[in-house]
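Trainee: Input: one structure, supplied below.
Rule-based calculations on the coordinates, nothing more; no lab input. Just so it is clear, the model here is predicted, and its values are computed rather than measured. Here the Cβ positions follow ideal geometry from the backbone for every residue, glycine too, while neighbour counts run over all protein chains shown.
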Amino acid sequence: MNIISELLREIQLPKMVKVRQVFHAPQLADVAGEVQKAIKEAGVLSRIIENDNVAIAVGSRGLADLPILVRETAAAVKNAGGNPFIVPAMGSHGGATAEGQIDVLHQLGVTEEVVGAPIRSSMEVVKLDELPNGLPVYIDKFAYEADKIIVINRIKPHTAFRGPVESGLMKMITIGLGKQKGAEAAHAYSFKYMAEHVPEMAKISLSKAPIIFGIATIENAYDKPAKIVAVPAEDLEKVETGLLIEAKSLMPKIHFDKMDVLIVNELGKDISGDGMDPNITGNFATPYASGGPEVKRTVVLGLTEKTHGNANGIGMADMTTKAVMNEIEWEKGYANALTSTVTDVVKLPMFLDTQELAVKAAIKTCNAFDLNQVRVVRIKNTLEIGEIWISESMMEEAERNSKLEILSELEDLVLDY
């Protein structure tokens, strides 16, 4: 028996129970119809004239029903007499290559056949201007040379900063359409100034590029579309500010404020830009955002298939396994870290031989007064928290909470992810 196994030999794994979390979750029944309705109500199609080449900017996030959003937007452009094409708007994602960004779109279900429009991908950009502090503002060359531009994105809280505008259409214009150079410029002075720089840089793009409107979505706590709005370019900042407040009100959460150990089955860029959404885990990589529960130790058991070895965010875990470490393609996460200037997300956590040892190490080091009453929560990932597992010591609290429903009997903690 090696020294690590011996040190953890007496640590007991708690019994667990499955719990359903209840959220207020309005949901759209007909996403395709809502896209068409939103565009019609905004009256923005009149901005497209016959034979206009229209770039539709699509990002790397796994928006709910993204292929439908893109397909219906392209269809609306065609009905207005325009010629739509898709531009990947994802900063440095996809390995910061044109081919990699097409691959990201395909993984998200956005193919030429599905959405009915060609994809034009390049990392080439046009410099539009500079901020007074010298930061350059870039935009995708294909988009800039189009007659019109439409942007699609979800409005949600950012993982690294707070402001009136966070993750949404303005950020998509600044960082997504700015490609790797734009993302690098926006992050250059750290997330401390991101709340100022994102809207300032977006305003320059709006004034110098042919952006006509955006399609904004808000998702409910189960990651289903709750609202779709078409926003004219001149109203983007004002409308997005209100939509962000609404989006925050619908965000899911773990209905426990404190836990000793949080076990996350899987981490991935398809789940969050940070691999695990810190708004859910409470583990933020910068001091410019806060929220979520108080968690003493976080354990990551695996990577998602769609992240393709990109473990950006693994640095926010305290423990993981050797199997996870062997699966990581470090250069992918490093590319994200070098662009964002946030390095904590790619630091090395403690990695153990097995999942059991990783969890036991988290329990041993969590400093709970009674390790036999340790508060453990297990989730699949930070997107899917409708059903979670909690340790026996938390059952009484769960029974008192109307937003929680116990679904199972107590079971052994089986670590087989």
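Trainee: Below 8 Å, C-alpha to C-alpha, sequence gap of six or more: please give me the relative contact order for region 287-417 in percent.
Mentor: Here the relative contact order equals 21 percent.
Trainee: Which whole-number percent is the relative contact order of region 103-222 (Cα, under 8 Å, 6+ apart)?
Mentor: Averaging sequence separation for qualifying contacts and normalising by length gives 29 percent for region 103-222.
Trainee: A further question on this structure: Take the cross-link list K78/K148; K15/K322; K141/K192; K171/K203; K18/K347 and give me the ones stretching past 21 Å between alpha-carbons.
Mentor: K15/K322; K141/K192; K18/K347
Trainee: Follow-up question, since we're still on this one. Can you give the charge dipole size of region 31-250 about its Cα centre, rounded to the nearest 20 debye, using +1 on the beta carbon of Lys and Arg and -1 on the beta carbon of Asp and Glu?
Mentor: With Lys and Arg at +1 and Asp and Glu at -1, about 320 debye.
Trainee: Could I ask something else about it? Before rounding to the nearest 500, sum -39500 (n - 2.57) across all DSSP H runs of length at least 4 in the chain and divide by the residue total; then give [θ] at 222 nm in deg cm²/dmol.
Mentor: Roughly -8500 deg cm²/dmol at 222 nm, from the helical runs in the chain.
Trainee: How many percent of DSSP beta bridges within region 31-250 run antiparallel, rounded to 5?
Mentor: If we restrict to bridges inside region 31-250, about 45 percent are antiparallel.
Trainee: Which listed residue (V229, F191, L244) has the Cα farthest towards the positive end of the charge dipole for region 186-256, taking +1 on Lys and Arg C-beta and -1 on Asp and Glu C-beta about the Cα centre?
Mentor: F191
Trainee: Moving to a separate point now. How would you classify region 12-107 from its alpha-carbon gyration tensor, with a ≥ b ≥ c the square roots of the eigenvalues: rounded for a/c under 1.5, else prolate if a/b is greater than b/c, otherwise oblate?
Mentor: oblate
Trainee: Next question. Let me know the charge dipole size of region 124-241 about its Cα centre in debye, to the nearest 20, where only the beta-carbon of Lys, Arg (+1) and Asp, Glu (-1) is charged.
Mentor: 240 debye
Trainee: Equivalent ellipsoid semi-axes for region 31-250, as square roots of 5 times the alpha carbon gyration tensor eigenvalues: give them largest first, rounded to whole Å.
Mentor: Gyration-tensor ellipsoid for region 31-250: 23, 20, 17 Å.
Trainee: If you don't mind, there's one more thing I want to ask. Using the Cα centre of the chain as origin and beta-carbon charges of +1 (Lys, Arg) and -1 (Asp, Glu), tell me which of N401, A285, I48 is placed farthest towards the positive end of the dipole.
Mentor: I48
Trainee: OK, next. Which residues in region 1-34 have a backbone N closer than 11 Å to a point placed 7 Å from the Cα of E405 along the Cα-to-Cβ line?
Mentor: Within reach of a label on E405: 20-23.
Trainee: Normalising by the residue count of the chain, find the relative contact order in percent from Cα pairs under 8 Å and 6+ residues apart.
Mentor: 21 percent
Trainee: A further question on this structure: Using a 10 Å cut-off on Cβ atoms, rank the peptides 356-363, 122-129, 234-241 from the highest mean neighbour count down.
Mentor: By packing density, highest mean first, the sequence is 356-363, 234-241, 122-129.
Trainee: Determine the dipole magnitude for the chain: charges of +1 sit on the beta-carbon of Lys and Arg, -1 on that of Asp and Glu, nothing else is charged, the reference point is the Cα centre, and the result goes in debye to the nearest 20.
Mentor: 640 debye
Trainee: Could you sort 315-321, 160-166, 326-332, 403-409 so that the peptide with the highest average Cβ count within 10 Å comes first and the rest follow in order?
Mentor: The peptides rank, most packed first, as 315-321, 160-166, 326-332, 403-409.
Trainee: Ranked highest first by average number of other Cβ atoms within 10 Å, how do 389-400, 218-229, 269-280 line up?
Mentor: In decreasing order of mean packing, 389-400, 218-229, 269-280 become 269-280, 218-229, 389-400.
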